[in-house]
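Have a look at the structure below before the remarks.
The values are calculated or read from the model by the stated rules, or taken from the named source; none is laboratory data. No experiment lies behind these values; they were computed from the predicted model shown. Cβ atoms come from the backbone with ideal geometry, glycine included; neighbour counts cover every protein chain shown.
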Amino acid sequence: MGLRRTLVAVIAVLTSLTLLTTGCAGSRLAHEREARRNHSGGTGGMIPQLNLPAEFDASVGGLVNYNPYAPQQLVKTWLYEPLMVQDSLSCGVTPWLATKYTWVGSNKLIFDIRQGVKWSDGSAFTPNDVVTTLNLMKKYPAMDVNGLWTSAFGAPATSVTAQGDQVIITFAGPAVSKFSSILGNLIVPAKIYGKVGDPTKYVDKKPVSTGPFLVGSYNGRRLELDRNPDYWQADKIKVQKLVLQGNYDANQAVQMLRNGDLDFYTGEIPNPIKTFVDPNPQLNHVWYAPNGSTVLAPNLTRKPFSDVRFREAMAYGVNKQQASLKATYGLMQVASQSGLTLPAKKDLLPPGYALNGGASTILAYDPAKANQLLDAAGYTKGPDGFRRNPDGSPIKLTFAVQAGFIDYQAVADEVVSNLRALGIDISVVASQPDSVDALKKTGDFDIMINYMAAGCDYVNGVGATLATAQIPTKTTILGNVERYSNPTVDQALKNLNGETDQAKVKDEVGVLVNTMMTQYPVVPLFYAPARAIYRTDKAAGWPSAEDPYCNPQDNARIWMTRLSAAK
Amino acid sequence: MKYFLRKVGFFVLTLWAVVTLNFFIPRLQPGDPAELMVQKLAGKNAQLNPAQVAAIRDMLGTPTGSLWSQYWQYLGQLAHGNFGVSYTYFPFGVMQVIGQAFWWTVILVTIVQVLSFGIGVLLGAFAAWKRNGRFDTAVTLVSTFVGTLQPFWIALLLIYGLGYGLGWFATSGGYEDSTPGFNWGFVYDAISHGFLPALTLMIVTPVGWVLGMRNTMVLNLGEDYVRLAKAKGLPDKVVALRYAARNALLPSVTGFALALGGVLGGTILVETVFDYPGLGRLMGEAVGYKDYPMLQALMLLTAVATLLANLVADLLYGVLDPRARRAQA
Amino acid sequence: MTVVGADPMAESAPEQTGVADGAKRASGPDPWYKIIWSSKKARVGLIVLAIYILVAIFAPLIAPYPPQQNTFTPLLNASWSHPLGTNTGGQDVFSQLVYGSRVSLLVGVLGGTLATAIALVIGLISGYTEGTIVDDVLSFLTNVALVIPVLPLIITLVAYSNVRGIGLIVGVIAITSWAGAARAKRAQIITLRNRDFVTAAKFSGEGPWRIVFFEIMPNMTSLVAAAFVGAATGAIGAEAGLAVLGLGSNDSVSWGTILYQADAAGAISQGLFAWVFVPGLVLAVLITAMSFINFGVDLLSNPHLREG
């Protein structure tokens, strides 16, 4: 019976070990949570600590690199800074390391560089740092992530020079549409990055930066950033310590947010109102700002989508409200057919559509009208109950959707059942996301879901969905997945590229809106969100529906200057 | 001697086949690493920035020449022990990254495997000894049922039950606020983070050992030498431990060696769910990002581990049981 | 991927040692079905399996709604009209679960058959020709298949087809899971091929193909059956594992798919417990039942294990 006794002993030891660890761990976690709560009061209007997820989107810690031009770096937002920050919702430009910009014509851009900014090692930030950074991108194209020296968004730059406190960028041709992307280049210190050869291969372990925070400690998992007391706008930064830690999936993020282990989050979480806000509406808040549109992209080179009358019928024949309910838990509004995100961009609508903030551009679900349009266009039903092309050939379509994107799949199911109700023979085919990307390149699909950018630069925002030059190639995915081509649109985009006068910009954008409203190249379903999921127990002043001062997802630099201690 | 030479020859040949497959399998998948990386960094609802894609292609270095010449280049690099630079962790080398993750997985897996092997073999042996008793029935039924549960499902229940529900254990990461090294704070931190992933793996792994050990032991208990020992009046304990269990252990030990090799695959899901900083998570990530150099190195590592374990098991078997030499060749 | 390689480990040890008796006793006094039925576990397993098969056959009568119908309010909690609630797309989860039994059973039968067939052909030929170049090549193939990491291989195979039907999933499972069984079969035939009846067949001038598949294989029916049940069990688990990773079939909803959707929709965070809990349990019960049946099948080749 010795075997039994041994067994019993082993089990007893294991059990007690388990209880021991669990007991300790339990009390420890609870203790930490308690400590955090007590901290949350704040001292002297300052916020002692905020917890955010890691900005490093990969699993293995311990490899230290703060280089902003590596594909992944430990800190993306809080160390190195750009010249200016543009809010992608309102399109307002906030001066940052530059105080002012001026276009001279459409091919020369002048930045006035801010005086009195210091690098974190105490040395002065100068226009030379800007010039060096931007010129390094010419020498090392791998660093040119915003396409300054390529013809990506407009004419390429030809020179970047300093003149007193100004930095002058000249371009080979009209380059106004490059503005939004050029702003985003992060400026690195010339005396370090100028001497390391290819900057993308440089491992930056001791960052010398201009930003609001300094690296405090990093143990391979938990990164602590301390407030930079010498920051050039230090008076606006109330957060004393930022803790960046962990990559969470949607479910874990909800739990962390609920427990107060995270204070702000911009990723997807399931059913935010039900899982996060409802348990504590006083402290837990979400704001899903319209930031582009999720659209149906039919393949315009194929029947029946090559027929504008069919596309018009489709625009009325899909239940966008229901699609939004299933894909976004009803958080996102039905999108405007104009391609602009409303109400943010309502002032850009041409007079014909401007009434009531563009209400008429939001097409309601009207299957009767859709049926009527299809009948009128000659899509008569055959004996099998399905409609045929006007030339009598049968219609049999597939909806290509990314397997595993459950929101997209729910939309595809909804759209397909709507269209089948109209008598169109269509079915869903879900494939690997990579395979769907491949279809975008080859054009071998009938219809799919695509994203239509909003942004502030209409050539590369709305324009990317409509320009002939933006039709995907065999090797590169571009915005015009549906393969729309129209010389009038191309001309308008070309004009926009050289246009700095806002009144004229509105005219040209009007051409795009008219195209969207009459040609239906794509059918916007609902807006795609920029998310703010946040708690107000430690900090107040987050961007919100009531105070939409910036895009919460892309403009963390701005909201960091607006936060104050919770009352 | 010929037997061992053949074994080693096979080992080298298989290694070459695996290296070749490791090179071609990832590259036959659709998708472009540069586009994928930009898309992942920007999120699903974002337009692909073509300038950024071009820059990243520049950075990672577009492969030149045909797939075939790339393959020869890769073989050359491997021969020099050069595994290349990771795409995801650029500019860090693949081996540097793997070095960071290696011990996390090795320690986790070793503890889990040794514990589950021990528990499994003990339970199995005891169940066989008391065959058809209540203990036997309970062990067989429970271990069969538990072994069929999906690891993913168990992880989910554990995270919400023990992690969030009761708040006993950390649910993500390998540690939190301690400094890695040999200090109590860190060891404690690592244990409280590693507990749930270990438990998830533990629930599924002992089952094979339980049933395997039980069945072999039942067979052995029916053998003549055990009956003889019993007839000679040796105590039950001695018969069970010294005769039946020891002989029944042989297939289990070789099985254990084999299982160790294949264990990395099993950790992909669990490490990913728990955001555990080990090799499995790294492999899942490399698949997702199409980080070819990383994927190749990890697949090679897995394959070499499995091959070595196989070789050791085979050789061991050959030494321990001469009858098996021919059958196992 | 634990899902794919899980079963050969557990079964191979007793089979190899028991093979000699198996060939003799399988033709003994008790007919095979009596032996299987004599095991209490196998009885339970068979009854449970029968219930699953009935559910699969009569799914349209049992399920309250068509599984694709997406007209309900999304994300309802469990209620009388939706026993397991509804999913993100507004589909009834219980109806999906009922129809899902068809997918699992189909994958089990097809995947099990295909994997066993590959394993038999390769294992038996390899074992019969032991020591020759044919054996070397086949053993080499088996070894490579055992060693190659499964997950990237599966992703590559799955990504090759735009349409991921059941057929593709079955094929992928079979291709990635035959090797362990092939190895076991090879070892088993080596112990059988020097028996008198094989020698007799050789002398009567029968070809090797005929000897392997018509003389030797019938003598190891019980081992083949056990391998099949094992492979089918593995295939059902593997299908669920793939679907949980988002790599399942796209033209049908399996239990793994339901679990995947539940996780992606944060079912537990939303308090929709039945959505997560029941499919996992239903799957585990089926696989357990199959394993129990295999206890009974093992008795055929392994008389020592018989109860009583």
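For segment B:163-276, the helices (runs of 4 or more DSSP H) that sit wholly inside it and include 3 or more residues that are out of contact with any helix residue (DSSP H, G or I) (no Cβ under 8 Å at 6 or more places or on another chain) and either β-branched (V, I, T) or away from chain C (no Cβ under 14 Å) (or both) are B:184-204.
Filter segment B:108-131 for residues that are within 20 Å of B:M202 (Cα to Cα) and either free of Cβ contacts under 8 Å to residues at least 12 places away in the same chain or among the hydroxyl-bearing types (S, T, Y) (or both) and give the result. Write out each step before concluding.
Looking only at segment B:108-131, we keep the residues that are within 20 Å of B:M202 (Cα to Cα), and these are B:108-127.
Passing the criteria: B:T110, B:V114, B:S116, B:G118, B:L122.
All but one of (1) assigned to a loop (DSSP other than H, G, I, E, B); (2) of a type in the set (A, V, I, L, M); (3) in contact with an Asp or Glu (Cβ under 7 Å, 6 or more places away or on another chain) hold for A:L496; state the number of the condition that does not hold. Among (1) assigned to a loop (DSSP other than H, G, I, E, B); (2) of a type in the set (A, V, I, L, M); (3) in contact with an Asp or Glu (Cβ under 7 Å, 6 or more places away or on another chain), the lone unmet condition for A:L496 is (1). Of the set (1) modelled with pLDDT of 90 or more; (2) touching a Cys at 6+ places or on another chain (Cβ under 8 Å), all apply to A:K191 but (2). Pairs are defined by a Cβ separation below 8 Å, a sequence spacing of at least 6 or placement on different chains, a first member in segment A:40-52 that is assigned to a loop (DSSP other than H, G, I, E, B), and a second member that is modelled with pLDDT of 60 or more and aliphatic (A, V, I, L, M); the pairs so defined are A:S40/A:A566; A:G42/A:A565; A:G42/A:A566; A:G45/A:A565; A:Q49/A:V239; A:Q49/A:L242; A:Q49/A:V243. Could you look through segment A:378-423, keep only residues that are assigned to a loop (DSSP other than H, G, I, E, B) and at the interface with another protein chain (Cβ under 9 Å from one of its Cβ atoms), and pick out the one that is nearest to A:Y527 (Cα to Cα)? Filtering first and then ranking leaves A:F405.
Every residue, every condition in (1) under 18 Å from B:L298 (Cα atoms); (2) buried (at least 19 other Cβ atoms within 10 Å of the Cβ); (3) modelled with pLDDT under 85; (4) outside the structural domain of B:V263 (by the TED database), yes or no:
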position	(1), (2), (3), (4)
B:Y3	no, no, yes, yes
B:V53	no, yes, no, yes
B:L60	no, yes, yes, yes
B:I107	yes, no, no, no
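Taking the criterion of being under 25 Å from the mean Cα position of the chain (by Cα) and either within 12 Å of chain B (Cβ to nearest Cβ) or in contact (Cβ under 8 Å) with a residue 40 or more places away in the chain (or both), the residues of segment A:424-442 that qualify are A:S431, A:Q432, A:P433, A:D434, A:S435, A:V436, A:D437, A:A438, A:L439, A:K440, A:K441. Taking the criterion of being buried (at least 22 other Cβ atoms within 10 Å of the Cβ) and within 25 Å of C:D263 (Cβ to Cβ), the only residue of segment B:118-147 that qualifies is B:G147.
On the given criteria, is B:Q29 within 30 Å of B:A190 (Cα to Cα), of a type in the set (S, T, N, Q) and under 27 Å from the mean Cα position of the chain (by Cα)? Spell out how you get there, then give the answer.
Details: within 30 Å of B:A190 (Cα to Cα): no; of a type in the set (S, T, N, Q): yes; under 27 Å from the mean Cα position of the chain (by Cα): yes.
When the stated conditions are applied, B:Q29 does not pass them.
Every listed requirement among (1) surrounded by 16 or more Cβ atoms within 10 Å (Cβ to Cβ); (2) among the small types (G, A, S); (3) within 14 Å of chain B (Cβ to nearest Cβ) is met by A:S120 save one, (3). When each of A:A323, A:A289 is tested for being hydrophobic (A, V, I, L, M, F, W, C), touching a residue at least 60 places away in the same chain (Cβ under 8 Å), in a strand (DSSP E or B) and buried (at least 20 other Cβ atoms within 10 Å of the Cβ), the lone residue that passes is A:A289. Of all the criteria given as (1) within 27 Å of the chain's Cα centre (by Cα); (2) within 14 Å of chain B (Cβ to nearest Cβ), the one not satisfied by A:V176 is (2).
The condition (being away from every other protein chain (no Cβ under 11 Å) and more than 24 Å from B:T144 (Cα to Cα)) is satisfied by just one residue among C:P67, C:P74: C:P67. For segment A:124-162, the candidate set comprises residues that are within 15 Å of A:P174 (Cβ to Cβ) and in contact (Cβ under 8 Å) with a residue 40 or more places away in the chain; within that set, the residue that is farthest from the other protein chains (Cβ to nearest Cβ) is A:A155. Among all residues of segment A:135-146, there is at least one that is closer than 30 Å to A:A454 by Cβ, polar (S, T, N, Q) and either modelled with pLDDT of 95 or more or not in a strand (DSSP E or B) (or both).
The rows are residues; the columns are (1) surrounded by 19 or more Cβ atoms within 10 Å (Cβ to Cβ); (2) in contact (Cβ under 8 Å) with a residue 12 or more places away in the chain; (3) within 16 Å of A:F56 (Cβ to Cβ).
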{"residue": "A:S180", "(1), (2), (3)": "yes, yes, no"}
{"residue": "A:V188", "(1), (2), (3)": "yes, yes, no"}
{"residue": "A:V196", "(1), (2), (3)": "no, no, no"}
{"residue": "A:K201", "(1), (2), (3)": "no, no, no"}
{"residue": "A:S209", "(1), (2), (3)": "yes, yes, no"}
{"residue": "A:L223", "(1), (2), (3)": "yes, yes, yes"}
{"residue": "A:P229", "(1), (2), (3)": "no, no, no"}
{"residue": "A:G246", "(1), (2), (3)": "yes, yes, yes"}
{"residue": "A:Q255", "(1), (2), (3)": "yes, no, no"}
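The single condition from (1) in the same structural domain as A:Y379 (by TED's automatic domain parsing); (2) in contact with a strand residue (DSSP E or B) (Cβ under 7 Å, 6 or more places away or on another chain) that A:T266 fails is (1).
For segment C:208-227, the criterion of being surrounded by fewer than 17 Cβ atoms within 10 Å (Cβ to Cβ), at pLDDT 80 or above and small (G, A, S) is met by no residue. Tell me yes or no: at least one residue of segment A:270-280 is within 14 Å of chain C (Cβ to nearest Cβ), in contact with a Pro (Cβ under 9 Å, 6 or more places away or on another chain), surrounded by fewer than 24 Cβ atoms within 10 Å (Cβ to Cβ) and without any contact (Cβ under 8 Å) to a residue 40 or more places away in the chain. The answer is no, given that none of the residues of segment A:270-280 is within 14 Å of chain C (Cβ to nearest Cβ), in contact with a Pro (Cβ under 9 Å, 6 or more places away or on another chain), surrounded by fewer than 24 Cβ atoms within 10 Å (Cβ to Cβ) and without any contact (Cβ under 8 Å) to a residue 40 or more places away in the chain.
Scanning segment A:371-383 for residues that are in contact (Cβ under 8 Å) with a residue 12 or more places away in the chain and surrounded by fewer than 23 Cβ atoms within 10 Å (Cβ to Cβ), we see that the one that is nearest to A:Q322 (Cα to Cα) is A:N371. The requirement of being more than 13 Å from every other protein chain (Cβ to nearest Cβ) and of a type outside the set (A, V, I, L, M, F, W, C) is not satisfied by B:G9.
So that you can scan it fast, the table gives a plain yes or no per residue for (1) more than 19 Å from the chain's Cα centre (by Cα); (2) touching a residue at least 40 places away in the same chain (Cβ under 8 Å); (3) crowded, with 23+ Cβ neighbours inside 10 Å:
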{"position": "C:Y65", "(1), (2), (3)": "yes, no, no"}
{"position": "C:T86", "(1), (2), (3)": "yes, no, yes"}
{"position": "C:L97", "(1), (2), (3)": "yes, yes, yes"}
{"position": "C:D136", "(1), (2), (3)": "yes, no, no"}
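Residues in segment B:75-100 that are of a type in the set (G, A, S) and part of a helix (DSSP H, G or I) were compared, and the one that is nearest to the other protein chains (Cβ to nearest Cβ) is B:G99.
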